[in-house]
Structure formats: structure tokens, C-alpha cells
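Before any comments, here is the structure.
What follows is calculated from the coordinates using simple rules that are stated; it is not laboratory data. None of these values were measured; they are calculated from a predicted model. Note: ideal-geometry Cβ built from the backbone for every residue, glycine included; neighbour counts use all protein chains shown.
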């Protein structure tokens, strides 16, 4: 059993938790993920590590309350326990040789982009972070990004916070003016990552995307997170979750991710009914 040391609501649909898991905290690195179960009969879900404190022995997760298991997880309070918390899993993000970087985060994917920005800063890299949200009510981790970045650009679709527009706009502007960017890290919804990659492609700057959005089982056994990278079939959880953005077949990944929408909708409705009954 793993104790919830801290719980914080970041916005109406996003929650942050610090879980007491000293063995995971001791080895965790930016880009890796964990697998958890809320209770002994629950499903296993992968969540990317959003931070860690090796001294306190805690691992931070940030999740969007969107499905059955995240609803059950969000119903837990500080001091309560979850059944399983396994990790760190997956390959850590490769930060070698990077002196100047662009970090792009979209929506709740910004929670995954943050530890990369923080790790780059710790290495002495010049970091520009560009994060985008639909509106001001959904903005999270603004102060954390400002602290981790030499330059921070906030975008919202409706202009209610920061600049109005998409993250691809400042991405293109920066790449047109600055020719010394070593690497671009992009984490967010699949569609956002697809168009950010296409925006960067003409400039040829090495681009890394995190394919954690398509992971389900987290161990490679289910095969649901398979994707085509450079013409080869790979698995996001085992071979990634980071991949060369220019080589990922995003159209295929987007199509495959939609296959589970109906199942997830029914599971969510069932969980909603259980929680209303106090189960």
C-alpha cells in the first residue's frame, strides 16, 4: 500500500498527488512513468512521473480526471492509500549534449514537460518553455515553468491568459530567428504534437515527442500502444515513451487511440454511478 502524502487540485479537472514510494523516488528520472492500481480489483494505468523528492521519498503524479480509474484516484484524500505504485518504468528522456532547448507542453501534457524543463535547467541549459491551454481556467504550473525557464511563453486558445493562439506560433517565430536551438521537446495531445512536429520539420532541429498518451498497460503485453516509427512497429511503453518526432506516424496513432472511446465512456458512467452511491 502506498500513502498519499499530499493532494492538490490544480484546476477543475487536474489533480496533483505526492505518493510515498521511496524506492521509486530513489531511481526516478524525467520522462519515466509509473503504473498504479487504486484498489486490488482495479485496472492498472500508467502515469508519467511529474516530479520526485528523493529525500522525502515521494513521487509526484499529475492526472486529468477523465476516466474511471482517475475518478477513483481523485476520490482519495491525503493520508489514504492506493494499492500499487510500480516504477520507474520506461526510458528516461535523453538530455545529453543539449545547451539550448525548446520545451512545448499542451494541456495536461505540460505536467510531463515540466520535469524535463527542470532537468535541463539543472544541467545549465538555456530553456524556453511554451505551454498552451484552452483558457485561463485550465492553466496549471505557470510559476513552476517560469522558475525552470529563461523564457516562458503562455498561450491560450481564447487569449484569456498570455498570448492568444497555438503553441506552434511562437515555435515557428523562435525557429525562424534563432539558429542555435539544439533540441525541441514536445509533450501534449497527439494532434498538438503532430502539428508542432510539422511546424519544426522545415528547420531540421532534432525533435522529441512523448507518446505516453497512447499507453494503457505500460508493460508491452497488451500491444495497444504500438506505433509506427520510421517504418518499424514499436511500443510506446517499452521502447519509449520518447521518440524522434519526425519519424512517428501520428495519423495511425490518433486513429488507434480513438478505438477505446466507447469502452472508456461506459466505464466512466459506471464509476460515476458507483461514486454517487458512496461506493
Quiz prompt | the chain - convex hull of alpha carbons, volume per residue in Å³ | solution = 127
Exercise. Output the Kirkwood hydrodynamic radius of segment 100-258, Cα pairs only, in Å rounded to one decimal.
Key: 15.8
Quiz item: Separation of segment 1-48 and segment 170-193 by C-alpha centroid, Å?
Solution: 29
Quiz item: For segment 62-102, taking Cα atoms only, what is the radius of gyration to one decimal and the Dmax to the nearest whole Å?
Solution: 16.3, 42
Quiz item: From largest to smallest, what semi-axes in whole angstrom does segment 2-89 give when each is the square root of 5 times an eigenvalue of its alpha carbon gyration tensor?
Solution: 18, 14, 13
Exercise. Run through the DSSP bridge list for the chain and note the antiparallel percent, rounded to the nearest 5.
Key: 60
Practice problem: Set the Förster distance to 30 Å, then compute FRET efficiency between residue 9 and residue 172 from the Cβ-Cβ distance, nearest 0.05. | Solution: 0.30
Self-check item: Computed FRET value (nearest 0.05) for residue 26 with residue 164, which takes r as the C-beta separation and R₀ as 30 Å
Solution: 0.10
Exercise. Taking the Cβ of each residue in 110, 12 as the centre, tally the other Cβ atoms inside 10 Å and list the residues starting with the fewest.
Key: 12, 110
Self-check item: Extended-chain gain in nm, criterion 0.36 nm per residue less alpha-carbon gap, residue 41 and residue 84
Solution: 14.4 nm
Self-check item: Fully extended contour minus Cα-Cα distance, from residue 232 to residue 251, at 0.36 nm per residue
Solution: 5.4 nm
Quiz item: How would you classify segment 20-173 from its alpha-carbon gyration tensor, with a ≥ b ≥ c the square roots of the eigenvalues: rounded for a/c under 1.5, else prolate if a/b is greater than b/c, otherwise oblate?
Solution: oblate
Quiz item: By count of other Cβ within 10 Å, fewest leading, how are 89, 190 ordered?
Solution: 89, 190
Quiz item: Counting each DSSP H run of 4 or more residues in the chain as -39500 (n - 2.57), what helix-only mean residue ellipticity at 222 nm follows after dividing by all residues, to the nearest 500 deg cm²/dmol?
Solution: -8500 deg cm²/dmol
